[in-house]
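A.B. asks: A single structure is presented below for examination.
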């Protein structure tokens, strides 16, 4: 296959605040499948991933654990790298932002931007979100909370260095307009343009003095570099960028990146801050930033406080590496969030992997052994029914290539499995067991089995980037090597006369859903035991919030709290967060809009008794009138729970 040139792909580097769950690992599997595909398709691929290891959150986590920040991140980085290896991730470089070469370049970049006037010293006063490590103005907050993660923010003021974002805003807008592929999917581009760029960019705080775990500003050591300026530059420091102009040949070859693969929650940092930093440095912008959706657990975002975490190593222990890879790749839509559950994984393994693929390979090898002692030969006894199988087989590469060009990996997998399904249909059409009864049709039987083996071989070659171990196992049983892509474009690449294995192995054994449920429960118990009951402790952990000014009893007496009963509830159109409830309070019904859609379905809300602030001045939220407020409790992760009375109380009961 001809060399199609370089292809530099990166993931967002994983934050070392704790062990990542399968929703986090999805991105690295997605990137690995793209990198493997591009390598096999003739590109000179460089695939970089790694860990983001600085910031206030990590400093606090280390203090809680009683270790130094470096000891803390060393441990978590080892865990993250171990999960990459477990999932068979073929990365070319694993960068850590505590690597000395990276830290030195970040300091040089900061100084250069300061010397050329893009960074200046000032003071910052605003609302600060510790989990996101971001400052916000009051106007940027959503319902008084961080617009990125929805958590509480606190007022903060400190001396800081700022980056002149507005200096480059028009240039970035022009670049986005002239390069429609720069931000994908298009919905992410529209969000960045309409919500951030077009309203006007404010200067960005790029240093902190309130904590120490960061890269020091080398000419003002009271300050550490803003974690996002530190983290984003890994994409160039990891391949040899030098801010003094002495970049390596590798950097000159690989930059600009062909694809930054990131989660949709950090799209703003990668499509606004990062390209502006690059413009200031005089470097080219990456060709494409793709903001993939989230993998949810049963349509709910994973978090420890919800107790719905699923880890890759646990899933691999039950299903195997390639089954996990297949699931997370196949179940994630192009633009919308995907969902993972134990039950759904069992269903996919049994139907797609055990039945469609595994049974196909097993039957074909078994018939080859039964009828021809394992030798597969093309006797040339072709019939009209063979034409469609051949057309599907040799046409699959083009279909897969078209999907991969659009980063529609789930659709590419579907095309490959359509080939396997066509092979299964071909067995039903040709009925090899019937042909075997007629000696005069022996050559036809041999040809049918050859066609099957060739179809499977083409499918295995295309499957390799996504399920590398499975592709190798298939071809090992067929007595051959996994083929290149070019050989999948014509029918007949499998060498006639090759012998298959005498004892075919089961690629994927069917699973009993009840047994998997028991294993899932056992894993949950094991996780709890290994963490020393950390989950229970977390649920019971106290949370300190920023105290508000004291009020008098007279102030409190102005607020009217009553028990309300939810009569009906529905989602607010065009809103991702809001539910609109009809709430019975005494003899009247009030309409109340609440930002709880992420945590409750409308069906779950109906019938609940809730605590309501009744005399709140009516206001419109997303164009819908709200006549009160349903009270909720919020944990440190921003998860909400509506407050309900401990005992049965009638709608309208006063809350004292």
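A.B. asks: Criterion first (outside any strand (DSSP E or B), under 30 Å from residue 342 (Cα atoms) and within 16 Å of the chain's Cα centre (by Cα)) does residue 23 satisfy it?
C.D. replies: It is true that residue 23 is outside any strand (DSSP E or B), under 30 Å from residue 342 (Cα atoms) and within 16 Å of the chain's Cα centre (by Cα).
A.B. asks: Another question about this same structure. Output the residues belonging to segment 210-219 that are surrounded by fewer than 15 Cβ atoms within 10 Å (Cβ to Cβ) and within 13 Å of residue 159 (Cα to Cα).
C.D. replies: 210
A.B. asks: To continue, here is another question. With respect to the numbered conditions (1) buried (at least 16 other Cβ atoms within 10 Å of the Cβ); (2) modelled with pLDDT under 95; (3) in contact with a helix residue (DSSP H, G or I) (Cβ under 8 Å, 6 or more places away or on another chain); (4) within 21 Å of residue 139 (Cβ to Cβ), which one is the sole condition not fulfilled by residue 273?
C.D. replies: Residue 273 satisfies all of (1) buried (at least 16 other Cβ atoms within 10 Å of the Cβ); (2) modelled with pLDDT under 95; (3) in contact with a helix residue (DSSP H, G or I) (Cβ under 8 Å, 6 or more places away or on another chain); (4) within 21 Å of residue 139 (Cβ to Cβ) except (2).
A.B. asks: Right, next: Would you check if residue 495 is at pLDDT 90 or above and either closer than 30 Å to residue 363 by Cα or in contact with a helix residue (DSSP H, G or I) (Cβ under 6 Å, 6 or more places away or on another chain) (or both)?
C.D. replies: Spelling it out, residue 495 is indeed at pLDDT 90 or above and either closer than 30 Å to residue 363 by Cα or in contact with a helix residue (DSSP H, G or I) (Cβ under 6 Å, 6 or more places away or on another chain) (or both).
A.B. asks: Considering each residue of segment 436-465, count those that are over 41 Å from the mean Cα position of the chain (by Cα) and farther than 21 Å from residue 498 by Cα, and give that number.
C.D. replies: 4
A.B. asks: The conditions are (1) surrounded by fewer than 19 Cβ atoms within 10 Å (Cβ to Cβ); (2) within 16 Å of residue 376 (Cβ to Cβ); (3) touching a residue at least 40 places away in the same chain (Cβ under 8 Å), and residue 476 fails exactly one of them. Which is it?
C.D. replies: Only one criterion is unmet by residue 476, namely (3).
A.B. asks: Now for a different question. Just checking, how many residues over segment 117-140 are surrounded by fewer than 20 Cβ atoms within 10 Å (Cβ to Cβ), within 18 Å of residue 201 (Cβ to Cβ), touching a strand residue (DSSP E or B) at 6+ places or on another chain (Cβ under 9 Å) and modelled with pLDDT of 85 or more?
C.D. replies: Number satisfying all stated conditions: 3.
One line per residue, one yes/no per condition, for (1) at pLDDT 95 or above; (2) farther than 26 Å from residue 245 by Cβ; (3) in contact with a helix residue (DSSP H, G or I) (Cβ under 6 Å, 6 or more places away or on another chain):
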{"residue": "280", "(1), (2), (3)": "yes, no, yes"}
{"residue": "292", "(1), (2), (3)": "no, yes, no"}
{"residue": "296", "(1), (2), (3)": "no, yes, no"}
{"residue": "301", "(1), (2), (3)": "no, yes, no"}
{"residue": "314", "(1), (2), (3)": "no, yes, yes"}
{"residue": "318", "(1), (2), (3)": "no, yes, yes"}
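A.B. asks: Quick one: in segment 151-168, which of the residues that are buried (at least 19 other Cβ atoms within 10 Å of the Cβ) and touching a residue at least 40 places away in the same chain (Cβ under 8 Å) is nearest to residue 202 (Cα to Cα)?
C.D. replies: Within segment 151-168, the match that is nearest to residue 202 (Cα to Cα) is 165.
A.B. asks: Would you mention how many residues in segment 107-150 are more than 33 Å from the chain's Cα centre (by Cα) and free of Cβ contacts under 8 Å to residues at least 12 places away in the same chain?
C.D. replies: 1
A.B. asks: Restricting attention to segment 374-382, does a residue exist that is touching a residue at least 12 places away in the same chain (Cβ under 8 Å) and assigned to a helix (DSSP H, G or I)?
C.D. replies: no
The values are calculated or read from the model by the stated rules, or taken from the named source; none is laboratory data. If you're wondering where the values come from, they're calculated on a predicted model, not measured in any experiment. FYI the Cβ positions are ideal-geometry reconstructions off the backbone, even for glycines, and counts take in every protein chain you see.
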